[in-house]
Amino acid sequence: MFKSMRVTALAAALMAATTLAASAEMVYHRGNTADPETLDQHKTSTVYEAHILRDLYEGLVAYSAAGKIIPGVAKDWTVSDDGKLYTFNLRDDAKWSNGDPVVAGDFVYSLRRIMNPETGAKYANVLYPIMNAEAVNKGEKKPEELGVTAVDDHTLEIAMEAPTPYFIDLLAHQTGLPVHPASVEKHGTDFVKPENMVTNGAYTLAEFIPNAHVKAVKNPNFHDAADVKIDTVFYYPTEDRGAALRRFQAGELDTNDDAPTEQVAFMRENLGSQFHVAPYLGTYYYALNHEDEVLKNPDVRQALSMAIDREFLADEIWGSTMVAGYSFVPPGIGNYGEPAFADYKDMSQLDREDKALELLKKAGYGPDHPFELTINYNTSENHKNTAVAIADMWKPLGVNVNLINTDTKTHYAMLRDRQDFDVARAGWIGDYSDPQNFLFMVESDNDGFNYARYNNPEYDALMDEAAVTVDLEKRAEVLKKAEEIFMRDLPFIPMMYYGSMNLVSDKVAGYEDNLLNVHPTRWMSISE
């Protein structure tokens, strides 16, 4: 009897342990650069917001673990022969986190909302290829005139102004994510609060504690919930890359989406395969305020650009995780040939510096007639070290540099709100592999991203021409002319092409490096 009781107790203990293991929560601790300024997909503009929104919502299309476009809410789609009408067939099992079905009308509502000027979407112009989108966004037409139609609950049509080769890729961007219409109507801008938010992605929002974390939990109503392994994901603002590295080494972070460049050698030696460096579709640049009394002079802008030793920045400051950049559009991008490189690309650095002194003398400046500039940059040892190095490079020209550092959210709000500045650090990561996605930033009416306040009708006209040019080779030629003007006028000084740096624990499975550096949580799992 005693033996029987012991066996029974052992069996019960094993069953309890098995049940506990089966129900153990899988938690992902994810370093994510900075606090989101917003979780409203129609007001977002940063990569670190996109990482979160991509987990919370699913668009018509989505990203695979490898960063490739896959069906999302749309199970498939067709394109008319003239390339101007897209028909999306929506899956039957798409649901919102409250159980409501996701229907074509939800996308009509969402696209009208982002284009409605009352929404104040900074990124609305990225969707201007849609019929009447620009006119709606500028208040010239009503939102109901946008070229988006719900044929029925499971069929959505989107009409285009002109054939747009990158349109399907564009729909994976966070601006293409739907909102839950009833929640927006009921709560207004407060629909983003955890207690109000209804999502249709793999996760739902549980908490948002500023300067601490964003917490998301698995959405049981997601159509692919059975294959989503991670139950809870915490996104931490990790502006201090050095501190993030220490947290990663201590096991407090499973991944982090950046790393301190001054410790690249250490990470390569000590982290091995946990330190990921991969090609990335992006450009690191400084925006120049074209309304500034000194910087409005093109000779000054060219001199400042020529004096920057890009190879030193890429190799010494960024530990060869960046590549010296002499064009705004990165090489290798789709639907383009060779970018419009600066004409001093092949000059020696000494010759560039001599030429820079000549240009400044022509403009009335130089070591004997110095002037002051302030560089604004967002919190990061990497950005600080870059700014300090550039200040040293500009000093022999007679440029006295002041540095101002603010957190990422404040920095970009300052730029988007058109506050006063001289020079400001920024970066652009391609939303899709097409030069338009870089060059559109400085169109005169792009208030959200034209930080330089650049206004050139000739440039705008070329961008307008490219938008309606169907032949891809001719379109590339038009865009190349626009980039040549960009490199002549320098609204931004491009300095480096990005490489992505990520810290990825050996415990993480399903993480794949890719050109867009997108890593949806739904594809990953964490082992103990």
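What to note about this one:
- Some residue of region 176-187 being in a helix (DSSP H, G or I), modelled with pLDDT of 95 or more, in the same structural domain as PRO71 (by TED's automatic domain parsing) and within 22 Å of GLY334 (Cβ to Cβ): yes
- Within region 234-256, one or more residues are outside the structural domain of ALA104 (by TED's automatic domain parsing), at positive phi and either under 20 Å from the mean Cα position of the chain (by Cα) or not in a helix (DSSP H, G or I) (or both).
- Which listed residue, of THR374, THR379, is modelled with pLDDT under 95 and either more than 30 Å from ARG416 (Cβ to Cβ) or of a type outside the set (Lys, Arg) (or both): THR379
- SER305 vs. criteria in a loop (DSSP other than H, G, I, E, B), modelled with pLDDT of 95 or more, not acidic (Asp, Glu) and not assigned by TED's automatic domain parsing to the domain that holds GLY67: no
- Residue count, region 472-525 (criterion: on the phi > 0 side of the Ramachandran plot and surrounded by fewer than 22 Cβ atoms within 10 Å (Cβ to Cβ)): 1
- Residue under evaluation VAL300, criteria (1) part of a loop (DSSP other than H, G, I, E, B); (2) assigned by TED's automatic domain parsing to the domain that holds GLU358; (3) crowded, with 23+ Cβ neighbours inside 10 Å, criterion not met: (1)
- The condition of being more than 30 Å from MET414 (Cβ to Cβ), at pLDDT below 95 and not in a helix (DSSP H, G or I) holds for only one of THR149, THR164, that being THR164.
- At least 3 residues being under 29 Å from PRO129 (Cα atoms) and either in the same structural domain as LEU304 (by TED's automatic domain parsing) or touching a helix residue (DSSP H, G or I) at 6+ places or on another chain (Cβ under 6 Å) (or both) is the threshold, and among the helices (runs of 4 or more DSSP H) wholly inside region 359-439 those reaching it are 408-416, 436-439.
- For region 89-109, taking the residues that are under 26 Å from THR189 (Cα atoms) and acidic (Asp, Glu), the one that is farthest from the chain's Cα centre (by Cα) is identified as ASP100.
- Within region 71-88, restricting attention to residues that are assigned to a loop (DSSP other than H, G, I, E, B) and under 29 Å from PHE191 (Cβ atoms), the residue that is farthest from the chain's Cα centre (by Cα) is VAL73.
- Within region 110-146, the set of residues being under 22 Å from the mean Cα position of the chain (by Cα) and part of a loop (DSSP other than H, G, I, E, B) comprises GLY120, ALA121, LYS122, TYR123, TYR128, PRO129.
- Candidates TYR326, TYR336, TYR286, filtered to the one that is touching a residue at least 60 places away in the same chain (Cβ under 8 Å), outside any loop (DSSP other than H, G, I, E, B), more than 24 Å from TYR235 (Cα to Cα) and under 22 Å from the mean Cα position of the chain (by Cα): TYR286
- Among the candidates ALA342, ALA363, ALA413, residue that is within 22 Å of ARG453 (Cβ to Cβ), among the small types (Gly, Ala, Ser) and surrounded by fewer than 16 Cβ atoms within 10 Å (Cβ to Cβ): ALA413
- Residues within region 137-163 that are within 20 Å of ASP445 (Cβ to Cβ) and out of contact with any strand residue (DSSP E or B) (no Cβ under 9 Å at 6 or more places or on another chain), tallied: 9
- PHE107 fulfils the conditions (1) crowded, with 22+ Cβ neighbours inside 10 Å; (2) in a loop (DSSP other than H, G, I, E, B) except for a single criterion, (2).
- Failed item in (1) at pLDDT below 95; (2) closer than 22 Å to THR189 by Cβ, with ALA11 passing the rest: (2)
- Hits in region 479-507 (condition: touching a strand residue (DSSP E or B) at 6+ places or on another chain (Cβ under 6 Å) and closer than 23 Å to GLU269 by Cα): TYR498, GLY499, SER500, MET501, ASN502, LEU503, VAL504, LYS507
- Test: residue in region 348-367 that is hydrophobic (A, V, I, L, M, F, W, C) and within 23 Å of ALA482 (Cβ to Cβ): no
- Single unsatisfied condition, LEU295 versus (1) surrounded by fewer than 17 Cβ atoms within 10 Å (Cβ to Cβ); (2) in contact with a strand residue (DSSP E or B) (Cβ under 8 Å, 6 or more places away or on another chain); (3) under 30 Å from LEU359 (Cβ atoms): (1)
- Answer residue from region 363-390, given it is under 20 Å from PRO494 (Cα atoms) and hydroxyl-bearing (Ser, Thr, Tyr) and is farthest from the chain's Cα centre (by Cα) among those: THR374
- For first residues located in region 201-213 and more than 20 Å from PRO101 (Cβ to Cβ) and in the same structural domain as ALA62 (by TED's automatic domain parsing), partners that are among the basic types (Lys, Arg) and surrounded by 12 or more Cβ atoms within 10 Å (Cβ to Cβ) and lie 6+ apart or on another chain with Cβ distances below 6 Å form the pairs ALA206/LYS215; GLU207/LYS215.
- In region 53-70, the residues that are out of contact with any Gly (no Cβ under 7 Å at 6 or more places or on another chain), farther than 14 Å from ASN219 by Cβ and either at pLDDT below 95 or not in a strand (DSSP E or B) (or both): SER64, ALA66, GLY67, LYS68
The values are calculated or read from the model by the stated rules, or taken from the named source; none is laboratory data. Treat the numbers as computed from the prediction; the structure is a model and nothing was measured. In this analysis, Cβ positions are derived from the backbone assuming ideal geometry, glycine residues included, and neighbour counts consider all displayed protein chains.
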